[in-house]
1. For the chain, what does -39500 (n - 2.57) per DSSP helix run (n ≥ 4), summed and divided by total residues, give at 222 nm, in deg cm²/dmol to the nearest 500?
2. Give me the log10 of I(q) over I(0) for region 216-272 at q = 0.21, 0.29 Å⁻¹, as the Debye formula computes it from C-alpha points; what are the numbers?
3. Quick one: what do you get for region 215-370 if you divide its Cα Rg by 2.2 N^0.38 Å?
4. Per q in 0.20, 0.23 1/Å, what log10 I(q)/I(0) does a Debye calculation on the alpha-carbon atoms of region 287-332 return?
5. Below 8 Å between Cα atoms, with a sequence gap of 6+, how large is the relative contact order for the chain in percent?
6. Quick check: convex hull over the Cα atoms of region 141-182, volume per residue in Å³, rounded to an integer?
7. Enter the angle in degrees (range 0 to 90, nearest 10) between the Cα long axis of helix 221-235 and the first principal axis of the Cα atoms of the chain, meaning the one along which they spread out most.
8. From the Cα trace of region 46-196, what convex hull volume per residue do you get, rounded to a whole Å³?
Amino acid sequence: MPNDLKILSIVGARPNLPKIAPLLREMRRHPGIDPILVHTGQHYDEKLSDIFFRQMGIPAPHVNLEVGSGSHAAQTAEVLKRIEPVLIEHQPDVVVVVGDVNSTIAVALAASKLGIPVAHVEAGLRSFDRSMPEEINRVLTDAIAEYLFVTEEDAIEHLLKEGRPRESIHFVGNVMIDSLRYFLPIAQKSAIGDELRLKNGVGWKRFAVLTLHRPSNVDFTEKLSDLLNAIDQIAAELPVIFPVHPRTQNHLKQAGIRHHPDLCLIPPIGYLDFLCLLSKSSIVLTDSGGIQEETTALGVPCLTLRENTERPVTISQGTNLLVGTDPSKIVAAARAALSGTGKAGRIPPLWDGQSAERIVEILLRTVPRR
Ligand code: UD1
């Protein structure tokens with residue numbers, strides 16, 4: 001009998017949590033796996049971290065590195081420095097990192113320098129826009145990871161072009177959609193519809209959901225103000241619910257931008273409330289990566305307020321439309337989607353709720369024990 005497989009998994013920022021939840025659930029089903037969870041502390045607020053642990057049943061991390069906020073260099077360097085002794089102490093057989101945040105590349109780099117194999121979940125996504133900090137994180141993480149788990153077929157081509165070996169690439173589907181499928185029935189019981197007065201006697205009213213947090217959209221007052229002007233025109237037609245990320249909140253406060261009364265700004269909300277809102281909305285406007293995928297899985301029209309996307313399958317097969325940040329284009333695309341002439345979509349291959357199972361099976365079968 002081989003020794004137990006010791007898998008050390010990393011979470012750092014909010015979008016990592018719905019990706020790690022199904023992986024940990026699956027790992028804990030196998031008696032031959034010894035799972036260790038480390039939180040880097042990149043996100044630390046109750047609403048960006050703790051509530052996700054509680055709602056998704058993620059076990060408390062063995063270690064929290066408590067790196068907190070900072071410049072990219074400072075945050076990445078802190079994770080790199082603080083994770084090294086943890087890796088040396090636990091001696092995992094493999095380190096699992098997800099997504100494209102600063103914690104992802106920092107831990108991948110530390111593990112790789114210690115000769116510990118790295119598995120990257122959500123490998124191969126490319127926006128080809130190096131001004132996005134996440135793009136740098138993706139390219140570098142994929143360059144050093146031994147196991148490249150991809151969510152969509154374009155990612156395979158990108159990795160092969162970058163010289164990654166075919167045998168290290170595994171098309172497994174999308175773990176975030178595992179979470180969506182698992183939690184949707186629970187999310188439907190959320191009271192958020194009543195709390196935000198989105199329901200009347202007969203059911204849900206029509207409403208839109210907005211999220212904005214990309215530095216390129218929210219860090220510059222003129223850009224943020226133009227975007228909110230466009231959203232104001234949509235809010236004149238139906239309520240727009242806008243859970244505001246702390247980065248965006250900081251800039252809104254500084255800029256003092258006024259907005260339409262039916263553009264409803266609320267603090268960040270938990271996973272279940274957010275999933276409920278997404279699933280009941282008529283349209284979603286976002287600059288997030290993950291939300292482009294969640295709306296495709298839910299069949300809800302999505303307008304992406306960016307010039308590019310690293311998730312092209314949400315465009316070629318899903319409900320996502322890349323509209324950029326020109327206010328007149330945003331308003332026109334929203335009106336088209338709301339009048340029913342928007343884009344239809346289908347669910348991409350392997351977004352079936354079983355991606356974590358595939359990943360854990362591959363790790364169990366192929367990772368050498370130390
Ligand atoms: C990070 C990720 C981004 C991801 C996003 C999801 C990187 C490079 N960026 O961006 O890919 O889409 O998370 O949210 O890793 N703050 C709080 N509370 C917290 C955390 C942050 O108030 O718990 C505030 C701080 O003022 C901080 C700012 O938000 O300076 C930005 O946080 P940071 O982690 O630097 O980047 P995000 O914009 O959240």
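Only the coordinates and a few stated rules stand behind these numbers; no lab work does. Quick caveat, the model's predicted, so the values are computed rather than measured. Positions of Cβ are backbone-derived with ideal geometry, glycine not excepted, and every protein chain shown enters the neighbour counts.
1. Result for the chain, helices only: -13000 deg cm²/dmol.
2. So the normalised log intensities work out to -0.81, -1.27.
3. Compactness ratio reported: 1.19.
4. -0.55, -0.71
5. 16 percent
6. Residue-normalised Cα hull volume stands at 70 Å³.
7. 60 degrees
8. Per residue, the Cα convex hull of region 46-196 comes to 152 Å³.
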